[in-house]
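These notes are about the structure you will find just below.
The values are calculated or read from the model by the stated rules, or taken from the named source; none is laboratory data. Only a predicted model underlies this, so the values are computations on that prediction, with no experimental measurement involved. Protein only, heavy atoms only, side chains kept; ligands, DNA and RNA dropped before computing areas. Shrake-Rupley method; radii C 1.70, N 1.55, O 1.52, S 1.80 Å.
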Amino acid sequence: MIYINNIALQGGEKNLMDNKQRIDLCIHVVNELRRMRGLAYAVCRQMKSAKRAGVLKTLVPGQFKYVNSGKQKVDNILNGIKWISKGGY
């Protein structure tokens, strides 16, 4: 296995780069690896949060949704009015 460090820092006939080009190559490779590590970390976090959300939804499927109970409250009020108008009290 040949590492980029060995290639970049190696002089001679095969590698005709000067020191600045070698340093720039090493810095570029390190920056690209950091970006890849950051993306891999972000994907890992997304997968963990998706897994957690999926587990919560399977445990309590209706718990985490907004329940619109306005129609039910209006129906209860109207039924109460009908009951009172019929002489319920």
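So, M17, is that one part of a helix (DSSP H, G or I) and modelled with pLDDT of 70 or more or not?
Against the criterion (part of a helix (DSSP H, G or I) and modelled with pLDDT of 70 or more), M17 does not qualify.
Filter the stretch 14-31 for residues that are open to solvent by 70 Å² or more (accessible area, probe 1.4 Å) and under 32 Å from the mean Cα position of the chain (by Cα) and give the result.
I27, H28
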